[in-house]
Each structure stands twice: as C-alpha cells, then as structure tokens.
1. Go through the residues of region 333-342 one by one and say whether even a single one is over 15 Å from I234 (Cα atoms) and touching a residue at least 60 places away in the same chain (Cβ under 8 Å).
2. What strands (runs of 3 or more DSSP E) completely inside region 123-178 contain at least 1 residues that are without any contact (Cβ under 8 Å) to a residue 12 or more places away in the chain?
3. With F386, F410 as the choices, which residue is in contact (Cβ under 8 Å) with a residue 60 or more places away in the chain and under 23 Å from R340 (Cβ atoms)?
4. With respect to the numbered conditions (1) under 30 Å from F285 (Cα atoms); (2) assigned to a helix (DSSP H, G or I), which one is the sole condition not fulfilled by K395?
5. Take the conditions in the same structural domain as D411 (by TED's automatic domain parsing), in a helix (DSSP H, G or I), at pLDDT 95 or above and of a type outside the set (S, T, Y) and apply them to M307. Does it pass?
6. Considering each residue of region 46-97, count those that are polar (S, T, N, Q) and either in a loop (DSSP other than H, G, I, E, B) or over 30 Å from the mean Cα position of the chain (by Cα) (or both), and give that number.
7. So, in region 196-206, of the ones that are among the hydrophobic types (A, V, I, L, M, F, W, C) and over 10 Å from S363 (Cα atoms), which residue ends up surrounded by the fewest Cβ atoms within 10 Å (Cβ to Cβ)?
8. Is it the case that region 370-379 has a residue that's touching a strand residue (DSSP E or B) at 6+ places or on another chain (Cβ under 9 Å), outside the structural domain of Q5 (by TED's automatic domain parsing) and crowded, with 16+ Cβ neighbours inside 10 Å?
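The values are calculated or read from the model by the stated rules, or taken from the named source; none is laboratory data. The structure displayed is predicted, hence computed values, not measured ones. Positions of Cβ are backbone-derived with ideal geometry, glycine not excepted, and every protein chain shown enters the neighbour counts.
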Amino acid sequence: MAIFQEKTIPEGGRLAGWTWFVEKFAVAAPVRRPSCVSELHVSGSRREDRGWNIFDRRYWTGDHFEDHLSFAMRHEDLDPLVAKRVFDAIPKRKMEAYVRATPSGSLVRRAWFLYETLTGRRLNVRDAPKMVAVDVLDADAYFTGAPRVSTRHRVRDNLLGSGRFCPVIRRTKALTDAIDLDLSAKARETIARTGAHLVARAASFLLLADSRASFEIEGESPARTRLERWGRAILQAGKNPLTLDEVLRLQRILVEDTRFVHPGLRPDGVFLGERDHEGEPLPEFIGARPGDLQSLMEGLLEANDRMREDGVDAVLKAAATAFGFVYIHPFQDGNGRMHRCLIHHVLAERRFAPAGMVFPVSSVMLDRIDDYRTTLQGHSAPLMPFIDWKPTPQKNVEVLNDTADLYRYFDCTEEAEFLYSCVRRTVDEDLPREIDYLRRHDEAIRRIMDRVEMPDRLAENLILYIRQNHGVLSKRRREGEFKQLRPKEVAAIEKIVREAFEGF
C-alpha cells in the first residue's frame, strides 16, 4: 500500500503536481491537499476523497518536470510554503529551461514570478516579451491585493504579501457570503438606533467581557489591574500605525511586570504543550527560531501594510495578520493576548467596528474554545514533523533546522472563516443582546425606584440577586441586607424584575 505523508494514496492513483515534486525531491513541507491522477474512472473528472484531490486520467499529461509544474499551476491551489520549498529543491537550470521554452506562456510567467519572488533568486533568462500581463492569483479563486505589474514577468502581482511573508486566502462560499452580509454596516445600524449613553455603557461591558475572556482562554484569572491594562491596550488599538515599535509598546502594556519575562522579541525558543514528570518539554507546537524573528515580523508588518493599502477586507486582513503573528510566537509570554489584540487593532484601524466599540471576539472564541483550538492546530500540527529540535538544559527547546519558511507562508482560509464567524456572532447576537439587557436593566431600575427609594447600587444588587435565584429574592438576602423591605415590596420588586427580563 503506497503512502504519502501518512496518507494512503488512492487505488490506481499517480502523484501529480506539487505532490509529485514533494515526493520526488523529498521536500520538507506538508501538502495539506495532495493530488493524484487516477487510472480508475473519476466521476465528474475531479473529486475529493479522504483528503485527496483525485483527477481523472485525462488530466495526465506526462511524468516530466514541466508536466507537473504546469499541472500544479493550472489545477491546484497555491500553498506558498510548498511552492517555496519545491522551488528551492528544483535545479535552477531546469527552471531556466522551463522558462526559456515558453517565455510567453501564462502559466510559465506565473511560475517564474513565484519562483523569483519566493526564493529571492533571479533566473538567468531574459525578461518576458511585451504582452498583456496576467494575474498571479485568479481573483475568482482567491482574495487578492491591488495588482502591481511586474514588467520582467509580464504578470500582475496581486498577492497579499511578498516573499518575506505571504498568506493566501481562498475565495470560499463561506467567506464570500460573510462579506456580503456587510457586518460593519449592520453594527452601525444597531448603534444608530441606540442612545449614546446606552452605547457607551454597552461598549464598556463588552470590553470587560472581552478582557476577561482573553485571559480565560490562556487559563488565567487575572487581577483587576491586569484586566485594566488589557482594556487600555485594546482601546489604543488602531490609533497608531502597526509597526514593530507599536507591537512592542502594546506588549509592555499587556505584560507590565517583566521581572520574569524578557521584553521584546524573545532570545530563546518557545513551545506550546506539556512537560513530562521531569520537566522535559512535550511540544505540540514550536515557535520560530529567535534568529528569524526580526525578519519574520518585518515581513508580517509589510504584508499588513500592503493589505491595508490595497483595501483588503478588514476581517480577512485581521485574520492574516493576527494568526500569522501567533504562529510566529515572537514573545516569551503574552503571544495569545497580543494575537487577539491585533484583531482589534485591524478592525479599529479600518473602522470596521463602530467608534469606541470593541467586538468581543475573545468572548466568542472562549465560548467556541474547541473550534478555536482546532483552527490553530489545523495549521500548526502538520508543521511539527518538519521541525527538528532538542531539549535544552533549561527545559526549553532548541530548533536545529531552518524553519523560517514554516512561519513565512501559510493558507489562512480556515482562520479567516473562523474569525468571520466570531465577528458575525458579536454583531448578530452579542451587541444587540447587551443593548437589550441594558434597556431591560434600566427599566427595572426605574420601576424599582418608583416603588422604593434606595441607592442605585442597592437596586442593581437586588436585580442581580433576583435574576440569579430564578426570579425570587432568597431568604438569606431578605433577612440580610434587604431586611428593611416589607414582604409586599419584595413581592412587587420580584415581579418587576421578572417582567423586565421576561424572554431574555
């Protein structure tokens, strides 16, 4: 039984495209959607089965270098990590011969551009003849940036990044449907129907909810001062351009006590996972090598700038920047919180969220923690077999091979779908629910005050205790801090609270 990267090759299947290159040249990169051409009949000429893209035998054009590169460029999704490492493995003279044979071919020009962009190596070939430029990425299949013409290759560079950092986001139905909802406009409409005072209070409650959730995701129960620091960082998000200095400034707000944490880019390794009984690391994921962090962060921030300039959808941009950051894992501590802070930064910078309002995406992520972890691990887990490491005397990890590419290039489609679903819930449910709660709360306060005069805080506590006890005030509370209330007053207040929050 033939196996490719722990996947059984379908019966009668021959590896094709990027998969063929990875197998032939022993390329160190995970092929997440491998392809093969089947000798058996394939219904509809192409289908997906058990993680494989299976093509009918009519797609087989030959078993040479040129055949498989053309197949990959014509029929397969672009995974820039696989493409980069395949191009590194291909003998340069073969690539030069491929370009010289058909310098005007659209597939050839696209492959040539990607080769030189991703590897940083220039082929010894003449510039392409003058002709109409073609898009590097098919805008019907991918979300793209504004095209920049490369006269050497006669292509329109519409990537979301560059050779230094390049995410791709496939144009799936889930994402196009989410964008068509125009959630930003929907949130503004909700705010427009609400009084300014109520909006300000809702914003404050949502910020606190997001702050608490972001720490709970990390398994922490922070003191109030740490929650306030997080809130300050979130409220500052989007006010300054996202540079490395800005990221480090936000880190200092999030991690104020640096006695046990190195501020700035970490000087050592980092891993996520457990330890054995002797404290030795059992990593589920390992961050980028310390020596690669400066270059990776510069590339990520350049891509972030490019997506902003090109007007890439705000949520897609937030996903690419924030998830790219957390995969790099550039800090000793606080990477997860900074990752979520960057989501807020992009949404605020692009004015996707209403002014002064924080979409509590961390709260949704906490509620959907299994989906969140699955999304993260769906990208990170396949990278681990390609990271060589050893434990250090300090019970940390040291990476032994060149891994920068693993963090420089990634398919961000699933992350974007997950983030959009979180944002959609905040707009469709959390924001309206918070405003509805405050309206009901204010109505209950007003009616209680009409019945019994008391301090606001006491009335708020009454509402809280009655709601917590399923619509009645407990005997302990009646005989405690509310013993001065008469039985008829207690019954009336209980009725007010039940009516105010009926159906909530």
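1. Going residue by residue through region 333-342, those that are over 15 Å from I234 (Cα atoms) are 333.
Subsequent filtering for residues that are touching a residue at least 60 places away in the same chain (Cβ under 8 Å) retains 333.
The answer is yes, given that some residue of region 333-342 is over 15 Å from I234 (Cα atoms) and touching a residue at least 60 places away in the same chain (Cβ under 8 Å).
2. On the way: elements: 148-150, 155-157, 166-168.
The qualifying strands (runs of 3 or more DSSP E) are 148-150.
3. Values: F386 fails: under 23 Å from R340 (Cβ atoms).
Step by step, each of F386, F410 is checked, and only F410 is in contact (Cβ under 8 Å) with a residue 60 or more places away in the chain and under 23 Å from R340 (Cβ atoms).
4. Answer for K395: the failing condition is (2).
5. Working: in the same structural domain as D411 (by TED's automatic domain parsing): yes; in a helix (DSSP H, G or I): yes; at pLDDT 95 or above: yes; of a type outside the set (S, T, Y): yes.
Taking the combined requirement at face value, the residue satisfies it.
6. Keep residues of region 46-97 that are polar (S, T, N, Q), which gives 53, 61, 70.
Then drop every residue that is not either in a loop (DSSP other than H, G, I, E, B) or over 30 Å from the mean Cα position of the chain (by Cα) (or both), which leaves 61, 70.
Residues flagged as polar (S, T, N, Q) and either in a loop (DSSP other than H, G, I, E, B) or over 30 Å from the mean Cα position of the chain (by Cα) (or both) within region 46-97 amount to 2.
7. So the first thing to find is which residues in region 196-206 are among the hydrophobic types (A, V, I, L, M, F, W, C), and the list is 196, 198-200, 202-203, 205-206.
Then drop every residue that is not over 10 Å from S363 (Cα atoms), which leaves 196, 198-200, 202-203, 205.
Values: A196: 9, L198: 15, V199: 22, A200: 13, A202: 24, A203: 20, F205: 15.
The extreme case among them is A196.
8. Within region 370-379, the first condition is being touching a strand residue (DSSP E or B) at 6+ places or on another chain (Cβ under 9 Å), and the residues that meet it are 376-377, 379.
Those still in the list that are outside the structural domain of Q5 (by TED's automatic domain parsing) too: 376-377, 379.
Narrowing further to those that are crowded, with 16+ Cβ neighbours inside 10 Å: 376, 379.
Yes, region 370-379 contains a residue that is touching a strand residue (DSSP E or B) at 6+ places or on another chain (Cβ under 9 Å), outside the structural domain of Q5 (by TED's automatic domain parsing) and crowded, with 16+ Cβ neighbours inside 10 Å.
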